[in-house]
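Below is one structure, written out as structure tokens; comments come after it.
The values are calculated or read from the model by the stated rules, or taken from the named source; none is laboratory data. Computed from a predicted model, the values in this text were never measured in an experiment. Because the Cβ atoms are built from the backbone with ideal geometry, glycine has one as well, and the counts that use them run over all protein chains shown.
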Amino acid sequence: MATAHTLSPIQSFLDALRAKYADYREGEVATYIPELAKADPELFGICIATTDGYVYEVGDSRQNFTIQSISKPFVYGLALDDHGAELILRKVGVEPSGDAFNAISLHKVTGCPLNPMINAGAIATTGQIVADSPEQRIGRILEMFARYSGRPMAIDQDVYESESRTGHRNRAIGHLLRNFDVLVDDPTATVDAYFRQCAISVTCADLALLGATLANQGLNPVTGQRAIKEQHVENVLSVMASCGMYDFSGGWIYNVGMPAKSGVAGGVLAVLPGQLGIGVYSPRLDAQGNSARALKVCEELSRAWELHQFNPPYCPQTSRRLAYTAAERSSSRTRHSSHRGFLREHGQRIHVVEMQSNLAFSTTEPIVRAVLERVGRPLAVILDFHHVSAINGVAVRMLVDLAEALSRRGAMVHFTHTHRHEVMRNQVASYLADRGEVEALFRYHSTDGAIERCEDVLLEELNASAVSSQRNLDEYEITAALTEEEISLFASLLKHRSHASGEKIISSGEEATNLLLITKGVVGVWLGGGASEGNRVASFSVGTMVGEMAFLDGARRSADVIAEGEVETAAFEIADFVRLQQSHPGLHTKILRNIAVSLATKLRKVNQDVSVLSAARD
Ligand code: GLU
């Protein structure tokens, strides 16, 4: 576990907070379980665990004490995992009782305990944990806590025996539950398991991690282990929010605003969903049975750090990272100038929205709205998931519904950079079921690849001469402004070659002896190891030239060039170019100028891309 840096303002705040309340000595240590009376009343620890697994701690944060009632919401979670919410809700309610935690009270009509945080509800809940024997039951409970805390858990034998000797009231509750058939087997064994679960030994750091695991949708943020099914986290937090702090639950949620649970040994655990777990320990309890110092600490933390759940930080549309059209930012395909012109004019029918952060209802709704506001009659809408960190079910359904609505209007919709979101892909597949669109949605891995294909479709739709068909040499970028005579001289110097699909035409690192004109098909430029493991950074179609940088500066080839489908090239040798300088200086200059124009066009494209990116950042 990482320890906070001494310069951290968060650590300093916690140090000061502990110092401030160390002199606060209100309340009394619990004595009704005789062993608890032995606790040193001065012990005082505070811990905060973040949902990325960082733990801040101050004071007696590694002091062991017994979990007591703080075990109740977690065992409730295990019961939900074992049986589902429907069955458990028939056994134990979720209404605050207004009675003391150890009241012998059951619902007047149903005979069920009012909620799982009072002892009656907690004992009934422990009775629901699936096991063949009492040992197995407590074993499963200990294993569950180990998943939350990330370490093996043990029972404090002295506290257990002490409560077992004196816990007649809880035994009475057990028998009452048996009488109403809320418990169906031996109540003595169930109450015994309950005593043991309350005597599990924990530290403040454990409590903070238990809380951070709930804050992290049930995944322990340090170990990555799942402690509870994701769908039951909200149930657990709900009962903590309404009934977790004994008869101060209303006041607590009003002041502190976080689901929490306290125990008679002096521990308090609070959870800020999605953000933090807090553990505080100090044994003196106030009149309601909550640790008096922990209450002060949590109230002050909530105010100082603005943690109240009903005052969440405002997140304005942060989920839209960039939105642009192919007119503003085209693909990395270098195309013939006539095609570039078409795409500048019509490229606004290809829309790209790059999303980011966490997609849930409130962050996805602005995306849906923005897409619908921006697109008129779109040819394609590309939704890029590269910077998305998490997506929930409703966001998946909203984006799929949007995709369906757009494709009904005739648009192609592609979800790109989804490889990190396996779960989302599965959700999309099951949501679409047999509606078929799944493959088309995920056809392109990268946004660049998707834009490139959509541009091809757009050009075909515009009847621009087929994307990979041949052109006359006078239409090439390298022959601009050449006379007919110069063109035929230039043509006589070219060496024509055909390449099979997948052939490596240029290899990174090799010496450059020529530049290549693409006379048929498309070539891809790959960095870092070619088509299988590398990264396709650009592509070229008919009429353009490739390899002109090394042609000019004599450097080695910086990337691989690979034929995509059948390709034909015409090589223009450096040696011939050098000879032209003597024999035909005018032609040499024109060619040099055309190469310079080709480079300038590429540079301009890069500048344009940068300006789209920086405009979006403003
Ligand atoms: N084992 C304790 C009891 O049942 C837990 C009480 C508590 O922490 O609220 O009395």
Unmet criterion (only one of (1) closer than 30 Å to Ala411 by Cβ; (2) surrounded by 12 or more Cβ atoms within 10 Å (Cβ to Cβ); (3) of a type outside the set (Phe, Trp, Tyr)) for Asn463: (2)
Members of the range 246-274 found to be of a type outside the set (A, V, I, L, M, F, W, C) and within 16 Å of the ligand (Cβ to nearest atom), listed by number: Tyr246, Asp247, Ser249, Lys261, Ser262, Gly263, Gly266, Gly267
Members of the range 31-51 found to be more than 16 Å from Ala292 (Cβ to Cβ) and of a type in the set (A, V, I, L, M, F, W, C), listed by number: Ile33, Ala37, Cys47, Ile48, Ala49
Checking Glu439 against (1) closer than 22 Å to His417 by Cα; (2) at pLDDT 90 or above; (3) part of a helix (DSSP H, G or I); (4) not polar (S, T, N, Q), the condition it does not meet: (2)
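Filter the range 382-424 down to residues that are among the basic types (Lys, Arg) and more than 12 Å from Glu437 (Cα to Cα) and give me whichever is surrounded by the fewest Cβ atoms within 10 Å (Cβ to Cβ).
Quick first cut of the range 382-424, residues among the basic types (Lys, Arg) only: 397, 408-409, 420.
So of that shortlist, the ones also more than 12 Å from Glu437 (Cα to Cα) come out as 397, 409, 420.
On the way: Arg397: 15, Arg409: 10, Arg420: 12.
Residue satisfying both the conditions and the ranking: Arg409.
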Qualifying residue in the range 53-71 (condition: touching a residue at least 60 places away in the same chain (Cβ under 8 Å), in a helix (DSSP H, G or I) and not polar (S, T, N, Q)): yes
Selection count, the range 372-381, where residues are under 13 Å from His414 (Cβ atoms) and either small (Gly, Ala, Ser) or surrounded by fewer than 20 Cβ atoms within 10 Å (Cβ to Cβ) (or both): 1
Filter pass, Pro41 being assigned to a loop (DSSP other than H, G, I, E, B), closer than 17 Å to Val239 by Cα and touching a residue at least 24 places away in the same chain (Cβ under 8 Å): no
Any pair with Cβ under 6 angstrom, 6 or more apart, that starts in the range 89-100 at a residue that is under 19 Å from Phe248 (Cα atoms) and ends at one that is part of a loop (DSSP other than H, G, I, E, B) and among the hydroxyl-bearing types (Ser, Thr, Tyr): Asp99/Ser105
Every pair of residues 6+ apart whose Cβ atoms lie under 6 Å, when the first sits in the range 153-182 and is closer than 17 Å to Ser71 by Cα while the second is within 11 Å of the ligand (Cβ to nearest atom) and in a loop (DSSP other than H, G, I, E, B): Ile155/Ala199; Asp156/Ala199; Val159/Ala199; Tyr160/Ala199; Glu163/Ile33
Residue, farthest from Ala260 (Cα to Cα), within the range 101-149, restricted to residues that are among the small types (Gly, Ala, Ser), touching a residue at least 40 places away in the same chain (Cβ under 8 Å) and not in a helix (DSSP H, G or I): Gly111
Some residue of the range 304-318 being over 24 Å from Gly121 (Cα atoms) and either within 15 Å of the ligand (Cβ to nearest atom) or assigned to a helix (DSSP H, G or I) (or both): yes
Helices (runs of 4 or more DSSP H) wholly inside the range 151-242 containing at least 3 residues that are within 15 Å of the ligand (Cβ to nearest atom) and closer than 24 Å to Glu95 by Cα: 168-179, 187-198
Filter result for Asp286 (within 16 Å of the ligand (Cβ to nearest atom), surrounded by fewer than 19 Cβ atoms within 10 Å (Cβ to Cβ) and more than 23 Å from Lys20 (Cα to Cα)): no
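The rows are residues; the columns are (1) touching an Asp or Glu at 6+ places or on another chain (Cβ under 7 Å); (2) of a type in the set (S, T, N, Q); (3) buried (at least 19 other Cβ atoms within 10 Å of the Cβ); (4) more than 24 Å from Ser302 (Cβ to Cβ).
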position: Thr166; (1), (2), (3), (4): no, yes, no, yes
position: Ile173; (1), (2), (3), (4): no, no, yes, yes
position: Thr188; (1), (2), (3), (4): no, yes, no, yes
position: Asn255; (1), (2), (3), (4): yes, yes, no, no
position: Ala260; (1), (2), (3), (4): no, no, yes, no
Where Asp40 falls short, out of the listed (1) among the charged types (D, E, K, R); (2) within 16 Å of the ligand (Cβ to nearest atom); (3) over 21 Å from Val130 (Cβ atoms): (2)
Criterion violated by Asp247 - all others in (1) over 29 Å from Ser133 (Cβ atoms); (2) touching a helix residue (DSSP H, G or I) at 6+ places or on another chain (Cβ under 7 Å); (3) surrounded by fewer than 24 Cβ atoms within 10 Å (Cβ to Cβ); (4) not small (Gly, Ala, Ser) satisfied: (2)
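Among the candidates Val537, Val567, Val525, which residue alone is in contact (Cβ under 8 Å) with a residue 40 or more places away in the chain, surrounded by 15 or more Cβ atoms within 10 Å (Cβ to Cβ) and assigned to a strand (DSSP E or B)? Give the derivation first.
Details: Val537 fails: surrounded by 15 or more Cβ atoms within 10 Å (Cβ to Cβ); Val525 fails: in contact (Cβ under 8 Å) with a residue 40 or more places away in the chain.
Val567 is the lone residue from the list that is in contact (Cβ under 8 Å) with a residue 40 or more places away in the chain, surrounded by 15 or more Cβ atoms within 10 Å (Cβ to Cβ) and assigned to a strand (DSSP E or B).
Conditions (1) more than 16 Å from the ligand (Cβ to nearest atom); (2) buried (at least 17 other Cβ atoms within 10 Å of the Cβ); (3) within 21 Å of Asn290 (Cβ to Cβ), marked per residue:
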| position | (1), (2), (3) |
| --- | --- |
| Ser8 | yes, no, no |
| Arg25 | yes, no, yes |
| Gly53 | yes, yes, no |
| Asp60 | yes, yes, yes |
| Tyr76 | no, yes, yes |
| Asp81 | yes, yes, no |
| Glu86 | yes, no, no |
| Glu95 | yes, no, yes |
| Ile104 | no, no, no |
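Only one of Ala292, Ala205, Ala199, Ala215 is more than 30 Å from Lys108 (Cβ to Cβ), in contact with a helix residue (DSSP H, G or I) (Cβ under 7 Å, 6 or more places away or on another chain) and modelled with pLDDT of 95 or more. Can you tell me which? Write out each step before concluding.
Working: Ala292 fails: in contact with a helix residue (DSSP H, G or I) (Cβ under 7 Å, 6 or more places away or on another chain); Ala205 fails: in contact with a helix residue (DSSP H, G or I) (Cβ under 7 Å, 6 or more places away or on another chain); Ala215 fails: in contact with a helix residue (DSSP H, G or I) (Cβ under 7 Å, 6 or more places away or on another chain).
Sole residue among the options that is more than 30 Å from Lys108 (Cβ to Cβ), in contact with a helix residue (DSSP H, G or I) (Cβ under 7 Å, 6 or more places away or on another chain) and modelled with pLDDT of 95 or more: Ala199.
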Any hit, the range 407-423, residues being touching a strand residue (DSSP E or B) at 6+ places or on another chain (Cβ under 6 Å), in a helix (DSSP H, G or I) and farther than 24 Å from Asn535 by Cβ: yes
